[in-house]
Every structure is written in structure tokens, then in C-alpha cells.
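Before any comments, here is the structure.
Every read-out reported here was derived from the displayed coordinates using simple, explicitly stated rules and does not represent laboratory data. Computed from a predicted model, the values in this text were never measured in an experiment. So basically every Cβ, Gly included, is an ideal-geometry build from the backbone, and we count neighbours across all protein chains shown.
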Amino acid sequence: MAQPLMPHATASWLVDNTSLSFEQIAEFCGLHILEVQAIADDTAATKLTGRDPVRAHEVTQDEIDKGQADPEYKLKMTKGPEQVRRTKGPRYTPVSKRQDKPDGIAWIIRNHPEISDGAIGNLIGTTRTTIAAIRDRSHWNIANITPKDPVTLGLTTQRELDAAVGKASKATGDEPQPTDTRLEGDREALIAQLQAERVNASRDTDSTLHGGDAASQARALFDDPFKR
């Protein structure tokens with residue numbers, strides 16, 4: 001069921017301006033009856049300013065009148081609140097992370113100079129003016145800007161950054177050559193095989209040395225029978 005845009009403020013207004021029961025107000029606003037009771041007793045954690053749902057076109061006065069006449073009547077909303085839809089524009093960055101943007105921009109400029117200012121703006125959600133100021137070191141806070149990975153800062157994702165790097169490299173003709181990863185899964189097996197070959201080679205060497213010493217001793221005894 002649709003609810004008022006500001007349920008607590010609406011409940012406060014209905015408590016002060018109508019004779020609706022707490023159950024009706026709670027049902028209409030999507031609140032627990034104890035919350036409405038707290039608002040009525042002025043014991044709510046926050047002091048609320050009432051919001052008129054009639055002026056907000058969320059309910060008609062006729063609906064309120066029906067509810068006041070019949071305690072069992074459930075008020076019906078005229079329409080639900082309009083859903084907020086974000087329009088197309090720069091990437092939204094939470095307020096808590098906006099101070100990290102210059103650090104992320106500086107990191108990209110230093111480590112990926114092939115990425116254009118427009119691509120940086122799309123990645124981090126900033127303006128070309130800010131990017132240019134950091135690039136030519138005329139930014140007002142340039143002394144405190146430290147290049148930091150924008151992925152670590154939470155300003156973009158690794159996938160988006162890799163895509164931007166790949167696109168920029170392709171545009172400049174510096175696209176990296178693909179790496180052969182076919183043997184990555186056999187790396188441990190290859191290491192084990194090399195170790196086994198080394199062990200076998202060491203054994204063969206020891207066997208040869210020991211065998212040579214025995215032959216020398218036999219020849220010496222044959223040549224000098226007094227040593228027997």
C-alpha cells in the first residue's frame with residue numbers, strides 16, 4: 001500500500017488536526033500504533049513539524065471526513081509520492097568521499113596519462129576545469145593533493161577503470177599485447193617436475209662419483225698385491 005512521503009510528519013499533522021483514531025493514522029502512514037501514540041504524547045525522539053497530506057494531494061478532505069465518521073474506515077491515498085529519478089549527468093559521489101576526488105584524479109593523471117579528461121570526468125564524476133587545474137598544478141589545494149588509487153578510495157570500480165585504460169590505449173595505438181595464460185594452471189606441476197629432475201640429476205652424480213672411487217680402489221689392489 002502506498003504511504004505518505006513523510007509518514008511521521010503526516011501522522012503528527014493528523015494527530016493535531018483530525019479526530020482520526022491512532023489505528024487509522026498508523027494504517028494510513030504505515031507506522032506502528034505505538035509510534036503514533038508517542039507522537040500524540042509528544043514523547044517521540046524527534047520533534048516533528050506536521051505535514052498536511054491534503055495540501056500535498058496525498059488524501060482528500062472527504063477521505064478524512066469519512067474516517068472521522070467511521071473509526072473502522074481505512075483512508076485511501078489519492079496518489080503515492082512521486083518517485084525521485086536521477087537525471088542523466090556526472091557520476092554521483094557521496095559527500096563523505098568528495099574530498100578524495102582530487103587525489104583520485106592525480107593518481108590517474110600520473111599512472112594513466114593516456115586517459116582523456118572527459119574519460120576521467122566520467123570515471124570520478126568531476127569537471128574538466130578541476131582536472132585541468134590538477135594537471136597543470138594550479139588547483140587551490142595542490143599542496144595537499146596526494147595521488148591515490150580511485151578504486152581504493154571508492155570513487156570508481158576496477159572494471160570501469162580497466163575499461164577506460166583499454167579504450168584509451170586502443171585509441172592511441174598502445175594497446176597491450178595479450179598475455180598467454182594457458183600454462184598458468186600447470187605452474188605448480190611444472191615446478192614439481194623441475195624439482196624431481198634436479199633430484200634425479202643429483203642422484204646420478206653421486207652414483208657416478210661413488211662408482212668411480214670403487215673402481216680406483218680395485219685397480220690399486222690388483223697392481224699392488226701386498227695391499228691385499
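How many nm separate the modelled label positions at Ile109 and Ala143, each set 7 Å beyond the Cα in the direction of the Cβ?
1.8 nm
How many nm is it between the label spots at Arg198 and Ser116, if each spot is 7 Å from the Cα in line with the beta carbon?
Each label point is offset 7 Å from its Cα along the Cβ direction, giving 5.2 nm.
Calculate one ³J(HN,Hα) per residue across segment 55-67 by plugging θ = phi - 60° into the Karplus curve 6.51 cos²θ - 1.76 cosθ + 1.60, and present them in order as whole Hz with x for glycine and proline.
Along segment 55-67, the couplings run 5, 7, 6, 9, 7, 9, 5, 4, 5, 5, 4, 5, x Hz.
Quick one: net charge of Pro147's neighbours, Cβ under 15 Å, K/R +1, D/E -1?
Local net charge: +2.
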